[in-house]
Amino acid sequence: MKLKSLDIYGFKSFAQRTELFFDKGITGIVGPNGSGKSNIGDAVRWVLGEQSPKALRGSKMEDVIFNGTENKKPLPYCEVSLVFDNEDGFLKSDYTEVMVTRRVYRNGEGEYYLNKNACRLKDILELFRDTGVGKEGYSIIGQGRIDDILSAKSEQRRQVFEEAAGIVTYRVRKEEAERNLKKTAENLVRVNDLIEEISMRLEPLKQQAQDANEYLSQAERLKQLELNIFIIRQDRLKQRMQSVKEKMELHAQAIENAKQNIEKLSQQRNDLDLMQEALDNTESRHRKAQMQISEALQESGQEKERKQAEINALLKEKDQLLEEIKEAEQKLN
Ligand code: ATP
């Protein structure tokens, strides 16, 4: 596996985009003190996922972003890309050229990319595990790291050699397995506690279960009984409904008959009214005629009286005349 290039923008002293190409053989970077040589190593360590600001010679992660100079303003973020030739498939990636990118903003937000695809830090760490390239890899030996290797502390020496021997994966897996085992043991203790607690509650629970079963069977019986009552009530209601229906039919028939009777009677009443009217007319005609007759009778009576008086007067006149005649004859004689 070969390092191809390093692209730095806004990282520490690299305010301008700077691209370093690594040809065959050894590349050496020379410069006066404080010119930024170690910043290149820091950039490599950082892009490979370094999380400790201290390891990057800062106090907080924001310190890695270009902080500005007299002539240049600070930058809002920094970005570093490291490109590896992976023609030989040394890295477990389908790409023949692997590009790792990291970007971080002043607010602390950051992103990782593998061949420009966003990814997690974990993906990058796994890709470089046991290759010697990771942030803890023996291939990045910064100032003071030699001291670690030569130090008397076996733990620090061990880390470097484990990485070189490619057994970090197994160590990590072992640690993970140990963590899991510990967790499982803790879980076991908790399960045992639970078993104990549950077994203490077993007897009352048994009683409760019996009660619950009894309740369920009684509830079932109650349901059946309620169902029976419902069916009986329904039958009775049906019967009552049938008899009510029959009565209603009878009443309806009676109402129909009464209606017909009323119709007949009202017809008869109409006829009678007509007859009454005719009789009234006849009666009034008769009364009129009776009145005319009685008027005529009265008039005839008066006429008769008048004629009788005339007759009486004539008879008187006749008697007088007869007297006179008698007297005259006597005189003549
Ligand atoms: P030495 O050989 O003394 O170790 P060096 O060449 O390795 O020096 P570095 O330590 O890489 O130099 O770089 C230090 C320089 O980087 C300093 O000038 C420092 O001001 C500059 N620097 C570090 N962090 C930042 C930052 N965030 N913004 C701007 N400049 C920075």
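Please treat every number below as a calculation from the coordinates, not as lab data. Keep in mind that this is a model prediction, so the values were computed, not measured. Don't worry about glycine lacking a Cβ; one is built from the backbone with ideal geometry, like all the others, and counts go over all protein chains shown.
On the first, second and third principal axes, largest extent first, how far apart are the outermost C-alpha atoms of the stretch 1-60 in Å?
36, 28, 19
Please compute the length gained on full extension between Arg171 and Ser217, using 0.36 nm multiplied by the number of residues separating them and subtracting their Cα-Cα distance.
Contour length minus the Cα-Cα distance gives 10.5 nm.
Over the Cα atoms of the stretch 1-127, how large are the radius of gyration and the largest Cα-Cα distance (Dmax), in Å?
Just the Cα atoms of the stretch 1-127 yield Rg and Dmax of 14.7, 46 Å.
Could you tell me which residue out of Met241, Val168, Gln218 lies farthest along the dipole of the chain toward its positive end? Charges go on the beta carbon: Lys and Arg +1, Asp and Glu -1, centred on the Cα centre.
Val168
Give the long-range amide H neighbours of Ser5: residues separated by 5 or more places, or on another chain, with amide H under 5 Å away, using H modelled in the peptide plane at 1.01 Å from N.
Result for Ser5 returns Phe22, Val83.
Sorted by average packing, counted as other Cβ atoms within 10 angstrom per residue and highest first, what order do 38-47, 206-215 take? Don't skip to the end; give the middle numbers.
Values: 38-47: 21.4, 206-215: 10.5.
Top to bottom by mean Cβ count within 10 Å: 38-47, 206-215.
Which pairs in the list Lys153/Lys174; Lys153/Lys182; Lys37/Lys116; Lys24/Lys60; Lys24/Lys72 are over 31 Å apart, alpha-carbon to alpha-carbon? Write down the numbers at each step before the final one.
Numbers: Lys153/Lys174 22 Å; Lys153/Lys182 27 Å; Lys37/Lys116 27 Å; Lys24/Lys60 36 Å; Lys24/Lys72 35 Å.
Correct reply: Lys24/Lys60; Lys24/Lys72.
Arrange the peptides 74-82, 225-233 so that the one whose residues have, on average, the most other Cβ atoms within 10 Å appears first. Provide the component values of the computation, followed by the final result.
Values: 74-82: 18.9, 225-233: 10.0.
Per-residue mean Cβ counts within 10 Å order the peptides as 74-82, 225-233.
What Kirkwood hydrodynamic radius, in Å, does the stretch 221-275 give when the mean of 1/r is taken over all pairs of distinct Cα atoms and then inverted? Kindly include the intermediate steps, with their values, before the conclusion.
On the way: mean 1/r = 0.0674 Å⁻¹.
So the Kirkwood estimate lands at 14.8 Å.
From the P(r) of the stretch 272-333, can you give the percent of Cα pairs sitting at distances over 19 Å? Can you show the working numbers first?
Values: 1225 of 1891 pairs.
Considering the stretch 272-333, 65 percent of its Cα-Cα pairs are separated by more than 19 Å.
Taking Rh as the Kirkwood radius, which is the inverse of the mean 1/r over Cα pairs, what is the Rg/Rh value for the chain?
Numbers: Rg = 69.8 Å, Rh = 34.2 Å.
Ratio of gyration radius to Kirkwood radius: 2.04.
Determine ³J(HN,Hα), in whole Hz, for all residues of the stretch 219-235 in sequence, where each value follows from phi through the Karplus function 6.51 cos²θ - 1.76 cosθ + 1.60 and θ = phi - 60°; x replaces Gly and Pro.
Working through the residues one at a time gives 4, 5, 4, 4, 4, 4, 4, 4, 5, 4, 4, 4, 5, 4, 4, 5, 4 Hz.
Report the one residue of Asn180, Gln302, Ser35 whose Cα lies farthest in the direction of the positive end of the charge dipole of the chain (charges on C-beta: Lys and Arg +1, Asp and Glu -1; origin at the Cα centre).
Final value for the positive-end residue is Ser35.
Treating only the Cβ atoms of Lys and Arg (+1) and Asp and Glu (-1) as charged, compute the dipole magnitude of the chain about its Cα centre; round to the nearest 20 debye.
Values: 55 positive and 58 negative charges, 519 e Å.
Dipole magnitude for the chain comes out near 2500 debye.
With the Cα gyration tensor of the stretch 162-241 giving a ≥ b ≥ c as the square roots of its eigenvalues, does the rule (a/c under 1.5 for rounded; else a/b larger than b/c for prolate; else oblate) give rounded, prolate or oblate? Mind dumping the intermediate values first?
Values: a/c = 14.46, a/b = 3.20, b/c = 4.52.
It is oblate, given that a/c is not under 1.5 and a/b is not larger than b/c.
Which lysines have a Cα less than 27 Å from the Cα of Lys247, not counting those fewer than 8 places away in the same chain?
Lys238, Lys259, Lys264
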